[in-house]
Amino acid sequence: MSDRIRVALIGFGYWGPNLLRNFAEIEDAEVKLVCDPRPDLARRIGARYPSVELVGRFEDVIARTDIDALVIATPPQCHAPMGMAALESGRHVWIEKPLATSVRDAERLANKAESRGLTLFVDHTFVYTGAVRKMRELVTTDEVGKVLYYDSVRVNLGLVQSDISVLWDLAVHDLSIMDYVIGAKPVSVSALGVSHVAKDAPASIAYLTVFCEGGLIGHCHVNWLAPVKIRRTLIGGDRRMIVYDDLDSNFEIKIFDSGVDLDSNDLKVNYRAGDVRVPRLDRTEALARASRHFIDAIRRGAAPLTGAAAGIRVVQILEAAERSLARQGAPISLEPVS
């Protein structure tokens, strides 16, 4: 490996320009090329990044000898085959969410990375935001007390996709946040949804419920066909409650000293309504922190925060949710993930 980690970006769609910008700003990384079949991108990329080459075929990237890591930002169906080819060629791999479209493929990627001693990173971007990191701090320091529920709404108008359901596109974010912040152990999943685009198309609106050990319940409402954009999460504890609004740049996190106390002697519920606090948040760009973390993980040979294990846990819930959708909400039990 050279002094700088030499990076190839695979795919230059919606997220590609953000990835290129952030990796190009890392001092001990070098973006060697972008792989995308559209020749018109050469002028667009070259105007700002003249040293970055445009390559049309993925196979040509794999054949190169001057690449240390691949950043794969392609449709989810490509993640497993491209990730496996990269790992087999001895490259470290960053994969956009989700890690794969099945637990089987996700585990195969994890096993290959482990056997080759390579870094496998999943871009669960929200885990690297100051707001989500603050929520984890509040939960792990027991400030909210015992977590009772996680309830999120993530809706907007578009981008409707034909190859995956809204669960794999939007709910994957909330599942990765819940996994990182709460660390609960899911035991079963239920999901209801429907497509309003075409009869046999993947669901465009869905309601996902995750039942966890200890009575904790997680619920995600996702929708591609909403007239407004909403990104709001509630985390309820028996001491305090958190409201997280990703669209409120001034007050993303609010901590409510509110809740209920149950008197076990006479079964009465006592309500508490206290102050509301707005904590100071780290405003570092999430993708900047994530890309830096990926490069550091390669350098140290350490497991990244959002590595294979986190990716597999999220994929397991999504895969079970699709099975539940097909059975009109029937609960699907989950096996422990190794």
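The values are calculated or read from the model by the stated rules, or taken from the named source; none is laboratory data. All values derive from a computational prediction rather than experimental measurement. Here the Cβ positions follow ideal geometry from the backbone for every residue, glycine too, while neighbour counts run over all protein chains shown.
See the values below:
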read-out: Every residue from region 187-209 that is part of a loop (DSSP other than H, G, I, E, B) and modelled with pLDDT of 95 or more; value: ALA203, SER204
read-out: Filtered residues of region 69-96 (kept if in contact with a strand residue (DSSP E or B) (Cβ under 6 Å, 6 or more places away or on another chain) and among the acidic types (Asp, Glu)); value: GLU96
read-out: Residues that are touching a residue at least 40 places away in the same chain (Cβ under 8 Å), buried (at least 16 other Cβ atoms within 10 Å of the Cβ) and over 17 Å from the mean Cα position of the chain (by Cα), drawn from region 1-21; value: ILE5, ARG6, VAL7, ALA8, LEU9, ILE10, GLY11, PHE12
read-out: Residues of region 108-163 satisfying the condition of being out of contact with any Leu (no Cβ under 8 Å at 6 or more places or on another chain), part of a helix (DSSP H, G or I) and small (Gly, Ala, Ser); value: SER115
read-out: Selected residue (only one of GLY218, GLY236 is in contact with a helix residue (DSSP H, G or I) (Cβ under 7 Å, 6 or more places away or on another chain), among the small types (Gly, Ala, Ser) and in the same structural domain as ASN156 (by TED's automatic domain parsing)); value: GLY218
read-out: Filter result for ASP105 (under 24 Å from THR125 (Cβ atoms), of a type in the set (D, E, K, R) and out of contact with any strand residue (DSSP E or B) (no Cβ under 9 Å at 6 or more places or on another chain)); value: yes
read-out: Unmet criterion (only one of (1) modelled with pLDDT of 75 or more; (2) assigned to a loop (DSSP other than H, G, I, E, B); (3) more than 22 Å from ALA171 (Cα to Cα)) for ASP266; value: (1)
read-out: Any chance ARG299 is more than 26 Å from SER165 (Cα to Cα), surrounded by fewer than 16 Cβ atoms within 10 Å (Cβ to Cβ), touching a strand residue (DSSP E or B) at 6+ places or on another chain (Cβ under 8 Å) and not assigned by TED's automatic domain parsing to the domain that holds ILE235; value: yes
read-out: Sole residue being surrounded by fewer than 21 Cβ atoms within 10 Å (Cβ to Cβ), in contact (Cβ under 8 Å) with a residue 40 or more places away in the chain and in contact with a strand residue (DSSP E or B) (Cβ under 7 Å, 6 or more places away or on another chain), chosen from ASP66, ASP123; value: ASP66
read-out: The one condition in (1) of a type in the set (Asp, Glu); (2) surrounded by fewer than 21 Cβ atoms within 10 Å (Cβ to Cβ); (3) at pLDDT 95 or above that ASP36 fails to fulfil; value: (2)
